[in-house]
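Remarks on the structure that follows.
Bear in mind these aren't lab numbers, they're just calculated from the coordinates by the rules spelled out. Only a predicted model underlies this, so the values are computations on that prediction, with no experimental measurement involved. Virtual Cβ from ideal backbone geometry, glycine too; neighbours counted across all protein chains shown.
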Amino acid sequence: MTTEFPIDLRGVSRSYRDDQPVLSDLDLQVATGEVVAVLGRSGTGKSTLLRIIAGLDRGYVGRALLGGRSVQDLSDDQLSAYRAQSVGIIFQSFHLLDHLSAAENVDLGARFAPKTGVESTADLLAAVGLEGRGHEQPALMSGGERQRLAIARALRNQPEIILADEPTGNLDEETGRLVINLLGELGRGRGVASVWVTHEERLADAADRVLILENGKLEQR
Ligand SMILES: Nc1ncnc2c1ncn2[C@@H]1O[C@H](COP(=O)(O)OP(=O)(O)O)[C@@H](O)[C@H]1O
Ligand SMILES: [Mg+2]
């Protein structure tokens, strides 16, 4: 399905307990090919926001249209399919499987809902600067290489949406900058809607739009 705004949240609120909501009547639209960075201090609800977009949390009120689908109306199976087909996620700690080769890790990105006509693992390894290194063990790679591998895996099933939760948190400044520039470039080139969340200002430079998450709402920086 193609839609102009793969991410479209309207009036989303999320509370974990009865007190102060973590997200409060929040709106967010992200266009095809757009990269949005969300900055916020620890505990402001950044990961909560990403989990909602990823279809991992339905305990909110309001409306989330993701890839043109209303998440609240999907069955659990449909929601799993949405995640497998439409969302690529990148984490601070890479979440690679060290008993698999680099190429096998990238392949996992297409394992649960294989699509036809998507980029091959070899092409994606080349796109992230790891050409010909598919046989290597991820555990022996540097942090920057491991995160680039995770980026290749996230893109493997041609997702509509890429989410990154503190993607440079385990990288030194220069490596973090290279990785984030690459992530932005690859997402834009493929028409993916990207949301990066972080408490690190340096991520913002490589995004098209920067929002601040504070008091449960997003504001333009
Ligand atoms: N599953 C949960 N149950 C209860 N409270 C949670 C849960 N997840 C997050 N929180 C609380 O919600 C707030 C926002 O958390 P989080 O979204 O992880 O923030 P951030 O990613 O910005 O650090 C924090 O106060 C956190 O303790
Ligand atoms: Mg977090």
Can you give the local net charge around Ala31? Use residues other than it whose beta-carbon is closer than 15 angstrom to its beta-carbon, Lys and Arg +1, Asp and Glu -1. -3
Here, Leu97 and Ser15, labelled 7 Å along Cα→Cβ, have an inter-label distance in nm of 4.1
Tilt, helix 143-155 to longest principal axis of the chain (alpha-carbon atoms), in degrees rounded to tens, equals 70
What does the convex hull of the Cα atoms come to per residue for the chain, in Å³? 116
Which of Ile212, Ile162 comes first, and how do the rest follow, when ranked by fewest Cβ neighbours within 10 Å? Ile212, Ile162
Using only Cα atoms, tell me the angle between helix 76-86 and the longest principal axis of the chain; keep it within 0 to 90° and round to the nearest 10. 50
Within the chain, the percent of DSSP beta bridges that are antiparallel, given to the nearest 5, stands at 45
Give me the net charge for the shell around Gln85: Cβ to Cβ below 13 angstrom, other residues only, Lys and Arg +1, Asp and Glu -1. +3
At a 10 angstrom cut-off on C-beta neighbours, averaged per residue, how do the peptides 65-78, 191-204 rank from highest to lowest? 191-204, 65-78
Relative to the first principal axis of the alpha-carbon coordinates of the chain, what is the inclination of helix 173-189, with its axis defined by its Cα atoms, in degrees from 0 to 90 and to the nearest 10? 80
